[in-house]
Amino acid sequence: MATRIALTGGIASGKSAVADLLARHGAVIIDSDVLAREVVALGTPGLDAIAERFGPGVLAADGSLDRAALGRIVFADPEARTALEGITHPAIRERSEWLREHAPEGAIVIDVIPLLVEAGLAERYDTVIVVDADEDTQLRRLMARSGLTREEAELRIAAQASRRRRRTVADEVVVNDGDRAELEARVDALWQRLRAREA
C-alpha cells in the first residue's frame, strides 16, 4: 500500500507554493482548501447547511457563500468554527478519498490539510510535511494578500495550532522564509526523499 503523505502549515506559510512545486515533480495533490470550496459551492448541501446554521448574512447577493462574512464569525468564535468544521470536514474527507482511489497507479499522493494538527489527523499519515515560516513572515503575507488589518491577521494565525505544535508532528519540515530559489531547492530535495521512501 502506498505511503500516506500529508502536507500542512500555518496560514500564509506557503503550503500552496510547496504543493505546486511537488505537483510539477509529478505528485498528485489533494488540496483540502480546494475541496473546501467545492463542497460549499452554490447548490451544494454544504452551502445549504452553512446558511441554515449561520443565517442569510453569510450569503452573497447571488446566493453563493460570502467568505469574508463567514470568516468574521468563525475566526472570532471557536464554537462557530467548530460548527463550520462539522459541516465541511465530512464532505471534504469523502471527496478526498474518492480522488485518492482514482489516482494513477504508483503515484505519490499528497493530501494538503491546513488544519491537520487541529483536527487530530496527523496519526493517519505515514509522513507529515510541515511548511514553516516565522510569524512576522506569515503576518506580512496574509495582510498583503487578503487586505486584512494586522489585528485581523493575528487573530487568524492565533486561531490555528502554534508553529511548535505543528513541528512536533512533522517528519519533514520545509522552511519557507527565503526567496523562491531557496524554496525550489528545498522542495527538490524533499521530492528525492519522498521518491526514495516509495522505492
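The values are calculated or read from the model by the stated rules, or taken from the named source; none is laboratory data. Remember, it's a predicted structure, so these values are computed and weren't measured experimentally. Backbone-built Cβ (ideal geometry, glycine too); neighbour counts: all protein chains shown. Note: accessible area is taken over every heavy atom of the protein model, side chains too, but ligands, DNA and RNA are not part of it. Shrake-Rupley method; radii C 1.70, N 1.55, O 1.52, S 1.80 Å.
Summarised in one figure, the compactness ratio Rg/Rh of the chain, Cα atoms and Kirkwood Rh, is 0.97. The listed residues W98, W191 rank as W98, W191 when sorted by accessible area, largest first, using a 1.4 Å probe. Taking a point 7 angstrom from the Cα of Q192 along the C-beta vector, which residues in region 172-186 have backbone N less than 18 Å away? Counting backbone N atoms under 18 Å from the label point, the list is 172-175, 181-186.
Restricted to Cα atoms, region 140-185 shows a radius of gyration and a Dmax of 13.2, 34 angstrom. Taking other residues whose beta carbon is less than 12 angstrom from the beta carbon of D126, and scoring Lys, Arg as +1 and Asp, Glu as -1, yields -2. Averaged over its residues, region 1-150 has an accessible area of 51 Å² per residue, based on protein heavy atoms and a 1.4 Å probe.
In whole angstrom, region 1-96 maps to an equivalent ellipsoid with semi-axes of 28, 15, 13, each derived as √(5λ) from the alpha carbon gyration tensor and ordered largest first. Relative contact order of the chain, taken over Cα pairs closer than 8 Å and 6 or more residues apart, is 36 percent. A P(r) calculated from all alpha carbon pairs of region 111-199, with 10 Å bins opening at zero, reads 15, 41, 35, 9, 1 percent.
Pop out the carbon and sulfur fraction of the accessible area of the chain as a percent, whole number, probe 1.4 Å.
Values: 5290 of 10680 Å².
Roughly 50 percent, rounded to a whole number.
With both labels modelled 7 Å from their Cα along Cα-to-Cβ, the R164 to D126 distance reads 3.2 nm. Modelled label positions at E184 and T44, each set 7 Å beyond Cα in the direction of Cβ, lie 3.3 nm from each other. The distance between label points at H25 and R145 comes to 2.0 nm (points 7 Å beyond Cα on the Cα→Cβ vector).
Radius of gyration (Cα atoms) of region 23-62, expressed as a multiple of 2.2 N^0.38 Å: 1.58. Bridges between two residues of the chain, per DSSP, are antiparallel at a rate of about 5%.
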